[in-house]
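Since every read-out is calculated from the coordinates, none of them should be taken as a lab result. This is a predicted model, so every value here is computed, not measured. So basically every Cβ, Gly included, is an ideal-geometry build from the backbone, and we count neighbours across all protein chains shown.
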């Protein structure tokens, strides 16, 4: 038997074929792992970006509230307790938070305080007709609507990321590289699900 026949048709050919198959399978696994890792990174970055959008809108909201309180104070200064409650809630909501769940809790409290403020405003017809108040009220209403839209987008992105982290086989890559699930930005209080009433 010649050397050529040993290589082409003998045991060495089987070894070569086995090695080629092993290399091909290894390459497919590596390519899959890279693709799964990149998909997780992309979803995490998308969720982070949509959270930044929420933070932008929340900051805008927090910046509007002191002006609103000052305007109300000019007409209803004896409503000191309500005005202080709004500012206290605003300061708590504007402080740094460990998670979206903590942010949502303080944001819910702020929404409740704003509802109380707008209920008080009902007793002051001159205030309700004040141009500055009306402009602030409209800006706040627009901001609340943008927060709701941003919250929806964020929660969709978090759902996609968390699903990918939990599903097999991408959960293997998520576990190996330390991808953690993110919290949803949820409103617990059904009354807080409504945008604060700012239209009269």
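So for the range 100-182, Kirkwood radius off the Cα pairs, Stokes-Einstein at 37 °C and 0.692 mPa s: how many µm² s⁻¹? Diffusion coefficient, whole number: 204 µm²/s. Here 167, 87 are placed in order of increasing Cβ neighbour count within 10 Å, fewest first, which gives 167, 87. Between the alpha-carbon centres of the range 98-118 and the range 150-178 there is a gap of 27 Å.
Relative contact order (percent) for the chain, with alpha-carbon contacts under 8 angstrom and 6 or more residues of separation?
Details: 165 pairs, mean separation 59.7, N = 200.
Value for the chain: 30 percent.
The angle between the Cα long axis of helix 11-75 and the longest principal axis of the Cα atoms of the chain comes to about 10 degrees, rounded to the nearest 10. For the chain, modelled as a Gaussian network with Cα springs under 10 Å, which listed residue fluctuates most, 150, 141, 95? Highest fluctuation of the listed residues: 95.
Which value, in Å to one decimal place, does the Kirkwood hydrodynamic radius take for the chain when every pair of different Cα atoms is included? The partial results should precede the final answer.
Numbers: mean 1/r = 0.0481 Å⁻¹.
20.8 Å is the Kirkwood radius here.
When the Gaussian network model of the chain links Cα atoms closer than 10 Å, the mean-square fluctuations of 45, 123, 171 top out at 123. Could you work out how far helix 80-94 tilts from the main Cα principal axis of the chain, as a 0 to 90 degree angle to the nearest 10? Helix 80-94 and the main axis of the chain meet at about 20 degrees. Sorting the segments 105-114, 68-77 by their residues' average number of neighbouring beta-carbon atoms within 10 angstrom, most packed first, yields 105-114, 68-77.
GNM on the chain, alpha-carbon springs under 10 angstrom: the most fluctuating residue among 165, 29, 21 is 21. Roughly how tilted is helix 100-121, in degrees to the nearest 10 and between 0 and 90, from the longest Cα axis of the chain? Between the helix axis and the principal axis of the chain, the angle is about 20 degrees.
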